[in-house]
1. Mind jotting down the distance between the C-alpha centroids of the range 122-139 and the range 74-107, whole Å?
2. Restricting to the chain, what percent of DSSP beta bridges are antiparallel, rounded to 5?
3. About its Cα centre, what dipole magnitude does the range 240-298 give when the only charges are +1 on Lys and Arg Cβ and -1 on Asp and Glu Cβ, stated in debye to the nearest 20?
4. Under 25 Å from the Cα of LYS119, which lysines turn up, not counting those fewer than eight places away in the same chain?
5. Find me the longest stretch of the chain that has none of the exposed GluC sites (Glu not before Pro), where exposed means in a DSSP loop (not H, G, I, E or B) with at most 11 other Cβ atoms within 10 Å.
6. Please give me the summed charge of the neighbours of GLY194: other residues whose Cβ is under 13 Å from its Cβ, Lys and Arg +1, Asp and Glu -1.
7. Send over the semi-axes of the range 240-279's equivalent ellipsoid, whole angstrom and largest first, taken as the square roots of 5 times the C-alpha gyration tensor eigenvalues.
8. Quick check for you: with a 1.4 Å probe and neighbouring chains kept, what is the accessible area per residue of the range 40-159, in Å²?
Amino acid sequence: MQGGFDVLTGDQSCDRMEMLKAFDETKAGVKGLVDSRLLKIPKIFVRPSEELAQELTHENTHKFQVPVIDLSGVVQDADRRRQIVEEMRNASETWGFFQVVNHGIPPSVLDRMIDGVRKFNEQDVEEKKKYYSWDKTRNVRFNSGFDLFTSRTANWKDTLTMSFSGPDPIDPQEMPPPCRDSTMEYSKHVEILGNTLLGLLSEALGLKTDHLKNMECAKGHNFHCHYYPACLEPELAIGAAKHSDAGFFTILLQNQIASGLQVLYRDQWIDINPIPEGLVVNIGDLLQLVSNGKFKSIKHRVIASHVGPRISVACFFSGPVYEAKIY
Ligand code: OGA
Ligand code: NI
């Protein structure tokens, strides 16, 4: 393992692929690098200079904020529901992003989920390595992002993926013990919330409440549990590069670290600051497609920070991805 870190932090004469391989072989992720007490970030994590130069021209004003939608009364009160649907329509058409509060998932369930992810990442590295894999057919896998070998810059984060939508149902015993119970519990709740949101989004499109549900848009879900360690040189690195989400929609839980997630709105990066007990919801590419572009799948990213770890759990609702389906 020492060999791997030497290649990464040594005289930097090796090429990028060699460095990526060395990093991959440590199976210890970005947290492993941080724990090895390096003094600067390895080259594979440094963004290209033209990208960094462009960054300086971004003004980060605080003029805009992603809409916050209060879901209380959504089931019992028809007037409230109409109002919520209207807010959701607005947010989905313009931002493609909103936060929800009073969504019905108990705060203790959210806290335990975050805590489980933290414990998984902060346990003995040998335990963690058992889950390190690039095999997409595995319901549970750990690595530093699916695009490590293809992206221009490696992301400053580690990700544990747990799939509740694979061809074979997930067996709780496959999940790492530190986050097994918390994930099973959160999964139950997030599935209910996912269906509630799908009903509201259907209504916001002028359709019957169960329209998107009948299209199986919330059949199965995937968790991507991200751990963004504090970064020595955050201005050079990126937590998660700019992207849009591929599925129908995403529910994102984040811990209370002030800055990280940003959404591209009117050509500016706008921070989505965590609100206590809030969840971020965003429209994915598939929902943009099936809504004929009415709802927007918007680009977002996560910046690196001196403060950390930042922990987030993205729950992707992508429909039945393992079978061909015509929409
Ligand atoms: C994602 C994502 C944001 C975050 O997993 O697609 O955008 O805050 N995550 O980790
Ligand atoms: Ni995303």
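The values are calculated or read from the model by the stated rules, or taken from the named source; none is laboratory data. No experiment lies behind these values; they were computed from the predicted model shown. So basically every Cβ, Gly included, is an ideal-geometry build from the backbone, and we count neighbours across all protein chains shown. Accessible surface areas use protein heavy atoms only, side chains included; no ligands, DNA or RNA. Shrake-Rupley method; radii C 1.70, N 1.55, O 1.52, S 1.80 Å.
1. Value for the Cα centre distance between the two parts: 37 Å.
2. 90
3. Dipole of the range 240-298, to the nearest 20 debye: 180 debye.
4. Correct list for LYS119: LYS27, LYS31, LYS128, LYS129, LYS130, LYS136, LYS157, LYS188.
5. Result, exposed sites excluded: 60-322.
6. Summing Lys/Arg as +1 and Asp/Glu as -1 gives +1.
7. 18, 15, 9
8. Details: 6200 Å² over 120 residues.
Accessible surface, normalised per residue, equals 52 Å².
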